[in-house]
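These notes are about the structure you will find just below.
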Amino acid sequence: MSLARSSSLVSFSFCESVKPEIIIDSNEFSDLAGFAEHFSNVGLMGQHRWNGNLDAFNDILRGGFGTPEAGFTIVWRNHKKSRRDLAQAFDTLLDIIRVHGPGGEEAVDQIDLRLE
């Protein structure tokens, strides 16, 4: 019994690139002011400072303030801690993020959210 070897090449192409991730770690803050500082450092890479104004957060997610232009994923680690610490502000932040994600009014911004 002999096995014939094939010399054909296999190629792969990827249509979609992996979006950059912004990692929010709830262990790094305990109030909205702390979240704003943390997001400024990890999301805006220290290029801009966000003061915690929720209307401004909405503008930031539209782009042009240091966030990746072709969309990104916000990975919110330890989100249950933030739900407790931030209370209503947590729900408002999620609502704002979801407006910029799949099915949202501003989905063109391509912001995904993953709660961990």
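Just so you know, all these numbers are worked out from the coordinates, no wet-lab data involved. Note that the structure is predicted; figures quoted are calculated from it, not measured. Counting neighbours? That spans all protein chains shown, and the Cβs are built from the backbone with ideal geometry, glycine included.
Details
- Potential extension, Glu106-Ala89 segment - 0.36 nm per residue separation minus Cα distance: 4.1 nm
- Calculated P(r) tail over 21 Å for the chain, as whole % of Cα pairs: 41 percent
- Put simply, the amide H of Trp50, placed in the peptide plane, has neighbours under 5 Å in Ser40, leaving out anything fewer than 5 places away on its chain.
- The stretch 21-115 - charge dipole about Cα centre, Lys and Arg +1 at Cβ, Asp and Glu -1, debye rounded to 20: 340 debye
- Amide H to amide H distances under 5 Å link Thr73 with Glu21, Ile22, Asp112, where only residues 5 or more positions off or on other chains count and H is placed in the peptide plane.
- Within the chain, helix-based [θ] at 222 nm, where runs of 4 or more DSSP H residues each add -39,500 (n - 2.57), nearest 500: -10000 deg cm²/dmol
- The chain, relative contact order in percent, only Cα pairs under 8 angstrom and at least six apart counted: 26 percent
- Projected label points at Val75 and Asp59, each 7 Å from Cα along the beta carbon direction, are separated by 3.0 nanometres.
- In order along the stretch 105-115, phi translates into HN-Hα couplings of 4, 10, 4, 4, 6, 6, 9, 9, 10, 10, 8 Hz, rounded to whole numbers, per the Karplus curve 6.51 cos²θ - 1.76 cosθ + 1.60 with θ = phi - 60° and x for Gly and Pro.
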